[in-house]
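Taken together, the values in this text are just the output of simple stated rules run on the coordinates, not laboratory data. Keep in mind that this is a model prediction, so the values were computed, not measured. With ideal geometry, Cβ positions are generated from the backbone for all residues, glycine too; neighbour counts draw on all protein chains shown.
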Amino acid sequence: MSRISLSRFLIEEQRQHGALPPDLRLLIETVARACKAIAHSVNKGALAGVLGDAGTGNVQGEAQKKLDVIANDILLEANEWGGNLGAMASEEMELPHSIPDHMPRGRYLLLFDPLDGSSNIDVNISVGTIFSVLEAPEGNEQPTEQDFLQPGSRQVAAGYALYGPQNMLVLTFGQGVYGFTLDRELGSWVLTNSRMQVPETTKEFSINMSNQRHWEAPVQRYIGELLAGQEGPLGKDYNMRWVASMVAEVHRILVRGGVFMYPKDARDPGKPGKLRLMYEGNPMAFIIEQAGGVATNGHQRILDIQPNGLHERVAVFLGSREEVERVTAYHA
Ligand code: P6P
């Protein structure tokens, strides 16, 4: 079977569906190239002296790993000159990053979590990059934070890179979900997964059980039923996985099904959840829905949430339809 590179796939998608404007195709290729460079650093690890803390903090008040900063810088540098963006936003930066005046601008807004799950990086557990693409509102040369605050249903593309046993890139631009594996010798992303589909049912759930005493009643009920197994109301035994790397969890769910949950937590009554809506919840929800799965915050579609802030948080329940619909119904 002939190998289809990312470039060939995107050009053929553009030609066949016309769903991929040339400037969006070029943006995706630029982000994919940046993810290759991030993969190179992540895969080197200690050999390149990139493990450990950077000694700095980010806007979330979290200690940054060296690779958080490296990945963020790679994405900024790779996307400044492309001419397809009005601005960028990152988990690692409080405010949007403007395109330098001497660089050409474009009509898209790029949001990213440059290295999600980075607490795993020093113990060699998979981490990833998550990105989301919106269109900038017409008319203003310099997009503001307000211009980013669009519901996830307005995304024109989303994806993640997973730096694991294989380096993979998973993409959607509204025509299904496609997976590419990095050929390290050639340095190219090769199509290996076409039209990925989340199985409707599952026997596997993902949640950080150490937070159990802080969950609200609907989540307590649902997890109790999962743990009751075949003697319980759900009539089957379940298995549990928790990698503490959302990209790895979502990828597993895309490949073999499952339900991933990061619910609201009584420790932070003012916060709707831990994960971030704009560059974790929304892109992953777009991908999961494009693969036939469901993604809610327990009450509504994540993609329907109107954001009020660039770094606002969200509760996440996503994956196999049967289970996400069940736990969401318990919140009614
Ligand atoms: P906890 C990583 O920090 C992250 O944002 C997600 O990738 C992951 O699913 C979650 O947080 C892990 O959270 O509380 O288990 O460390």
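Out of curiosity, is I207 touching a residue at least 60 places away in the same chain (Cβ under 8 Å) and within 28 Å of A89 (Cα to Cα)? Spelling it out, it is not the case that I207 is touching a residue at least 60 places away in the same chain (Cβ under 8 Å) and within 28 Å of A89 (Cα to Cα). The set of residues in the stretch 128-167 being within 22 Å of Q14 (Cβ to Cβ), touching a residue at least 40 places away in the same chain (Cβ under 8 Å), part of a strand (DSSP E or B) and hydrophobic (A, V, I, L, M, F, W, C) consists of F131, V133, A157, A158, A161. If you take the residues of the stretch 268-286 that are part of a loop (DSSP other than H, G, I, E, B) and either among the aromatic types (F, W, Y) or away from the ligand (no atom under 13 Å from the Cβ) (or both), which of them is nearest to the chain's Cα centre (by Cα)? This residue is P272. The condition of being more than 10 Å from the ligand (Cβ to nearest atom) and in a helix (DSSP H, G or I) does not hold for L310. Of all residues in the stretch 209-267, those being in a loop (DSSP other than H, G, I, E, B) and aliphatic (A, V, I, L, M) number 4. The strands (runs of 3 or more DSSP E) found wholly in the stretch 51-101 include none carrying at least 2 residues that are under 22 Å from G128 (Cβ atoms), acidic (D, E) and touching a Gly at 6+ places or on another chain (Cβ under 9 Å).
Residues in the stretch 242-261 that are away from the ligand (no atom under 13 Å from the Cβ) and surrounded by fewer than 20 Cβ atoms within 10 Å (Cβ to Cβ): V255, R256.
Could you check, for the stretch 11-21, whether at least one of its residues is under 28 Å from S126 (Cα atoms), free of Cβ contacts under 8 Å to residues at least 12 places away in the same chain and exposed (fewer than 15 other Cβ atoms within 10 Å of the Cβ)? Please lay out each step first, then the result.
Let us first name the residues in the stretch 11-21 that are under 28 Å from S126 (Cα atoms), namely none.
No, the stretch 11-21 has no match at all.
For N239, the conditions (1) polar (S, T, N, Q); (2) within 14 Å of E204 (Cα to Cα); (3) within 12 Å of the ligand (Cβ to nearest atom) are fulfilled apart from (3).
The set of residues in the stretch 226-273 that are of a type in the set (D, E) and closer than 23 Å to G292 by Cβ contains only E249.
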